[in-house]
Amino acid sequence: MSDNIESHLSENRIFKPSKEFSKNARIKSMAQYKRMHKESIEKPGVFWAREAKELTWQKKWTKALDWKPPYAKWFVGGKLNVCENCVDRHLTNGRANKAAIIWEGEPGESRTLTYRQLHREVCQFANVLLAQGIKPKDRVLIYMPMVPEAVIAMLACARIGAVHSVVFGGFSAESIVDRLSDCKAKAVITADGGYRRGGVVPLKANVDEALKKYKSVETVIVHQRIGDKIPMKRGRDVYWHEEAARVSTKHVAKAFDSEHPLFILYTSGSTGKPKGILHTAGGYLTGTYSTCKYIFDMQDDDVYWCTADVGWVTGHSYIAYGPLSNGVTQVMYEGAPNHPDFGRFWDIVEKYGVTIFYTAPTAIRAFIKAGDQFPDSRDLSSLRLLGTVGEPINPEAWMWYHEKIGGGRCPIVDTWWQTETGAIMISPLPGCTPTKPGTATLPFFGVDAAILDETGEECAPNEGGKLVIRKPWPSMLRSIYGDKKRYRDTYWNDYKGMYTAGDGARTDRQGNFWIVGRLDDVLNVSGHRLGTAEVESALVEHKAVAESAVVGRPHEIKGQGVVAFVTVKGNIKTSEALAKELRNHVGKVIGAIAKPDEIYFTPSLPKTRSGKIMRRLLKELVATGEVSGNITTLEDYSVIADLQKNLKK
Ligand code: WTA
């Protein structure tokens, strides 16, 4: 903590957008930002109604906001079709033949879909879903590689009012089971596989395994990406292209209520069970539309590329809904950043003339490590704006991004937000906000962010506290699917009527927000949230394990690495082989991202007298090699001494 404070305080480098950039940007000056921000906070209904009006509504709302904490309804009484806004409306505004998605597969092929072609594909697939009996509000699980069909599937669900739940393709069969049984999905959309790092990810095989345990799925629609022969279960599994050939390519988008559920996306919390974050149509679309417009400053001739996977919220908001509702041209890439080498991203930027590039700090750190020869040997001069998301960016990585990728000329928008917030909440506006390496700077329009201490008082500059949002915003989560109590307890219990983000933060004297990191037992591994409790419960599922405690430790590339302390059952012998087995076991239960970097076997875990595991001590131990904090509540001192010795070895 104190290191963070010092490095923040000593960060004096300030970068202002060039006059040229500001002149063409939507928001050109801090005065304009401040005026609009003030209005958006004082009269949110007026501000957001103006934004929402830029979208297509089949029926106008009667009231912009209905707020009964902690439940918000936006654009009450309004009706719209989210998919129509992302696709159909560009057929009549001059963008019909504009590229919507320029896709590149990992093996190197590329494919372009214009808005007209995207429309045709989406309508056709909507008809496939209807033919399979999918109805409004039915849940559909999507488990896909990064191919246009992933976005088409999401849009087709939205089009017919079904609720999608996308599961990241790196998650395991067991993770699919958990999500299927929580949201009670009726259908699954997947692919025979996807290319990743030269290999094939067996998506359909994982779905098959999951469906042995969760049996209520009626239909599995399989997109043929690879073309190998795979088992198809008669009466349940169908091929996308075969079903598509049977239905019309015409479909008229019906309007749904503004508060109609749009999607459920699972994210880690502090218990073993992921939370199904529920977003609804009108507010979410307005938030993602508006943030793309102002923060990425999307213009008609931009080529935008967000490197996230559609399985994360970034892929929902900043690949699917935000960019498409803005009618921008975007690049989508299937594979790994280092395949065949670390020049791949920069090849793509050069080849398609990417102008706006949005990625994660962990990727930037991996590029720095790989060496400057990769970006140096490519022409990156098309870039005009850069963005980051997912975790705090260390100033070194920021400077490298600025100089090596941005050529010193591109503003960087460091965007802070969450699965729960739906859209970016704190970020520079590229045409006006002075940026400093490491801060997400200032709240977006309509965002009343503050940092509070335990008593609810606002913290002074440079004093650390909890990040809260004091007013509702359109793209906020509406609930945790099927668990209103957890929704209230997790987000709305700390301070009356305010949303607690779960992040620690501070402001500097200029009012910039510096995010320090999660305050709960959630790790941020390569920009992705991972609950320590999830990893612990995966470990104790293994027959050799009696008990475990999982903590994070600083990691050069991943931001945080996963360290597990494991106590085995009485008759079990510990060994390197067992550690490996446990690591793979976690990979199988959750996904590769959750595999512990290190496993330490210990005869017992440090506990309080009441039996609570003291993770704080373990965290300190793995970070510094010692424990200096208060250990008076510890039940048995020798446990820590032993671990300390063990770790030194
Ligand atoms: C962290 C990702 C610092 C934060 C969009 C948050 C960040 C969690 C930033 C949400 C940023 C995200 N600076 N920290 N620019 N962006 N975070 O739900 O801890 O996967 O609470 O959403 O990531 O992760 P999630």
Practice prompt. Tell me, rounded to the nearest percent, the portion of alpha carbon pairs in the range 355-403 spaced more than 11 Å apart.
Written response: 71 percent
Fill in: Where S628, S248 fall by accessible area, highest first, once all protein chains stay in place (1.4 Å)
S628, S248
Fill in: In Å², nearest 10: area of R553 left accessible to a 1.4 Å probe
60 Å²
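Go through 142-154, 21-33 and give me the packing order, highest mean Cβ count within 10 Å leading.
On the way: 142-154: 26.1, 21-33: 15.9.
The packing order, highest mean first, is 142-154, 21-33.
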Discussion item. Going 7 Å from the Cα of D301 along its beta-carbon direction, which residues of the range 83-123 have the amide nitrogen within less than 19 Å of the resulting point?
Written reply: 94-100
Worksheet item: Just from its helices, what would the mean residue ellipticity at 222 nm be for the chain, if runs of 4 or more DSSP H residues each count -39500 (n - 2.57) and the sum is divided by every residue, rounded to the nearest 500 deg cm²/dmol?
Response: -9000 deg cm²/dmol
Worksheet, complete the sentence: With R₀ set to 35 angstrom, the calculated FRET efficiency between the beta-carbons of S377 and S270, to the nearest 0.05, is 0.20
Worksheet item: What pairs in K19/K293; K229/K250; K98/K250; K484/K619; K293/K484 have C-alpha atoms more than 24 Å from each other?
Response: K229/K250; K484/K619; K293/K484
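Rounded to a whole number, what is D in µm²/s for the range 522-648 from Stokes-Einstein with the Kirkwood radius over alpha-carbon pairs (20 °C, 1.002 mPa s)?
145 µm²/s
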Worksheet item: To the nearest 20 debye, what charge dipole does the range 427-540 have about its Cα centre, counting +1 at the Cβ of each Lys and Arg and -1 at the Cβ of each Asp and Glu?
Response: 460 debye
Worksheet item: In the range 60-86, which residues have a backbone nitrogen under 20 Å from the label point lying 7 Å from W492's Cα in the Cα-to-Cβ direction?
Response: 63-77
Worksheet item: Rounded to the nearest 20 Debye, what is the dipole magnitude of the range 522-648 about its Cα centre when Lys and Arg each give +1 and Asp and Glu each give -1 at the C-beta?
Response: 140 debye
Discussion item. Using a 1.4 angstrom probe on the protein heavy atoms only, could you order S18, S165 from most to least accessible area?
Written reply: S18, S165
Worksheet item: Using alpha carbon centroids, what distance separates the range 132-157 and the range 563-597, in Å?
Response: 35 Å
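Report the full-extension gain for the segment K137 to R409: residue separation times 0.36 nm, less the Cα-Cα distance, to one decimal in nm. Please report the intermediate quantities before stating the final value.
Working: separation 272, 0.36 × 272 = 97.92 nm, distance 4.63 nm.
My answer for the length gained is 93.3 nm.
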Practice prompt. Report ³J(HN,Hα) in whole Hz for each residue of the range 130-136, in order, from the Karplus equation J = 6.51 cos²θ - 1.76 cosθ + 1.60 where θ = phi - 60°; Gly and Pro get x.
Written response: 4, 5, 8, x, 6, 10, x
Worksheet item: Tell me, in nm to one decimal, what length is gained between K485 and N338 on full extension, where the rule is 0.36 nm per residue of separation less the Cα-Cα distance?
Response: 48.6 nm
Practice prompt. Give the dimensionless ratio obtained when the Cα radius of gyration of the range 11-97 is divided by 2.2 N^0.38 Å.
Written response: 1.48
Fill in: Computed lengthening from W67 to K215, 0.36 nm per intervening residue step minus Cα-Cα distance
49.4 nm
Worksheet item: Among T291, L519, I451, whose Cα lies farthest out toward the positive end of the dipole of the chain, if unit charges sit on the beta carbon of Lys, Arg (+1) and Asp, Glu (-1)?
Response: T291
Item to complete: Could you pull out which residues in the range 59-88 have an amide N less than 17 Å from a spot 7 Å beyond the Cα of R470, following the Cα-Cβ vector?
Response: 69
Worksheet item: Which distance in Å, rounded to a whole number, links the C-alpha centroids of the range 402-419 and the range 21-72?
Response: 24 Å
Practice prompt. Show the residues, 5+ positions off or on another chain, whose built amide H is closer than 5 Å to the amide H of R139.
Written response: V163, K186
Discussion item. To the nearest 20 Debye, how big is the dipole of the chain about its Cα centre, given +1 on the beta carbon of each Lys and Arg and -1 on that of each Asp and Glu?
Written reply: 1760 debye
Worksheet item: Rounded, prolate or oblate: which fits the chain, taking a ≥ b ≥ c as square roots of the Cα gyration tensor eigenvalues, rounded meaning a/c under 1.5, else prolate when a/b beats b/c?
Response: rounded
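The values are calculated or read from the model by the stated rules, or taken from the named source; none is laboratory data. Quantities reported herein were computed from a predicted structural model and do not represent experimental measurements. Counting neighbours? That spans all protein chains shown, and the Cβs are built from the backbone with ideal geometry, glycine included. To get the accessible areas, we keep the full protein, side chains included, count just its heavy atoms, and leave off ligands, DNA and RNA. Shrake-Rupley method; radii C 1.70, N 1.55, O 1.52, S 1.80 Å.
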